[in-house]
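The values are calculated or read from the model by the stated rules, or taken from the named source; none is laboratory data. Bear in mind that the values here come from a model prediction, so they are computed numbers and not experimental data. When we count neighbours, we look across all protein chains shown, and the Cβ atoms used for this are built from the backbone with ideal geometry, even at glycine.
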Amino acid sequence: MVAGRLAPVERRPLGDVSPASVGYSFPGKIAFMVSGRIHARWAVRLSIARRGGWRSWLEVSGDFERGLAGLASRTVIMPHVDAETRRGRDYVRVTLAMTIVAGDVAEALDGAWGAFQQASRGSVRDWDMTSASAEVLPEGTFPRSGTTAGF
């Protein structure tokens, strides 16, 4: 690359872009700023241990799964319980999977966490928050686990 020259911009699709151009003019200068959001699809998995064990989870799992499925929208795509890991009678770990449309990884994680909180209907005391873990990757990069929604 030659000093003082910019390299050509690589042309590739970046997702949904809705820019709004704003122009400013100063004496002798005109500057343009493009603002907008680029929305990518993120595959998110949240894994959280449920307090009370397997029997406690079985009592509420149907309502939780229906509540989670009811949150499906344009930005929260196919939320579902991906796995239930049981270790003895007093431990169950629930893994949720969904695709989130968001501007960045932090926004995707926030959207998935919000979906979990809404599906649990505010009863977060029934979950062991210190055990929570998350995986957030661009859609299509998770290894297949027998499910859909970008995984």
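Please tell me if Ser61 is farther than 24 Å from Pro138 by Cβ and of a type in the set (Ser, Thr, Tyr). It is true that Ser61 is farther than 24 Å from Pro138 by Cβ and of a type in the set (Ser, Thr, Tyr). Residue-level analysis places Val94 among those that are among the aliphatic types (A, V, I, L, M), touching a Ser or Thr at 6+ places or on another chain (Cβ under 9 Å), within 13 Å of Ala49 (Cβ to Cβ) and buried (at least 18 other Cβ atoms within 10 Å of the Cβ). Out of the strands (runs of 3 or more DSSP E) lying entirely within region 10-86, which hold 2 or more residues that are buried (at least 17 other Cβ atoms within 10 Å of the Cβ) and at pLDDT 50 or above? So the answer is 38-50, 76-86.
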